[in-house]
Amino acid sequence: MTQDDTIAGPSGAPALGTDRSEQPDFETGRPRLGGLAVPVQFDEAETKIIAAIADTLIPPGNGFPAPSEVGIANFFGRYTTPSGFRPKHYPYLGEDRLKSTLAVLGEEFADSDAQARTQVLQRMEKDDEEIFGQLRSLVYYGYYCADSVIAAIQREIPAGRDYHGPPLPYGYLHCIEDWDDESLATAGQGAGYIRTEDVVRVDLSKLTWLNGRTTKEEEK
């Protein structure tokens, strides 16, 4: 891909590259619902490191599963920009950048205890805020859209009893009571209707500030 093959992206987004047959309209179209039709693939070591990153950022407990148990690496694969494309969609993380970061962390990171992994990620957050933020975004989005996590929110958090993960196509219909005839008939109780000919003009003569303004306008 040459510089001539790219055009500037909108709103500060990276430049766009040429389209490719294996991911049609990837760079010029809207993000595909559900992520990539052909996800980025990770080997066993990379999958292990992604799981370790996620489990460090969101430790399991209190009825919530570990991110490594909800397919977080698969989510990474569906929302990471494939190699050879310009990252156009949030969080603008490309396959090459992600895999080079995983290689730097190495399996040693995945095999470390939680405290050691936390220290490594804290250094990353300080030294390379961009890649840390991209990893964190994918972890958060991937974790909190998982069915088992949504079930945990509904089960473990009082305010989450009616939480419905996917807003479409049914939104909150599953937890909103139906409007029956009686509810519809009494919905406006306490309200009333005044015919136009019965509307009485408000007496503004007592408003001295308004009278003063009116007098000045008349003098002009």
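Throughout, read-outs are computed from the coordinates displayed, never taken from laboratory work. Computed from a predicted model, the values in this text were never measured in an experiment. Virtual Cβ from ideal backbone geometry, glycine too; neighbours counted across all protein chains shown.
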Go ahead and run the numbers for FRET between ASP43 and ALA116, Cβ-Cβ distance against an R0 of 30 Å, rounding to 0.05. 0.85
Just add up the charged neighbours of ILE131: K/R +1, D/E -1, any other residue whose Cβ is under 10 Å from the Cβ of ILE131. -3
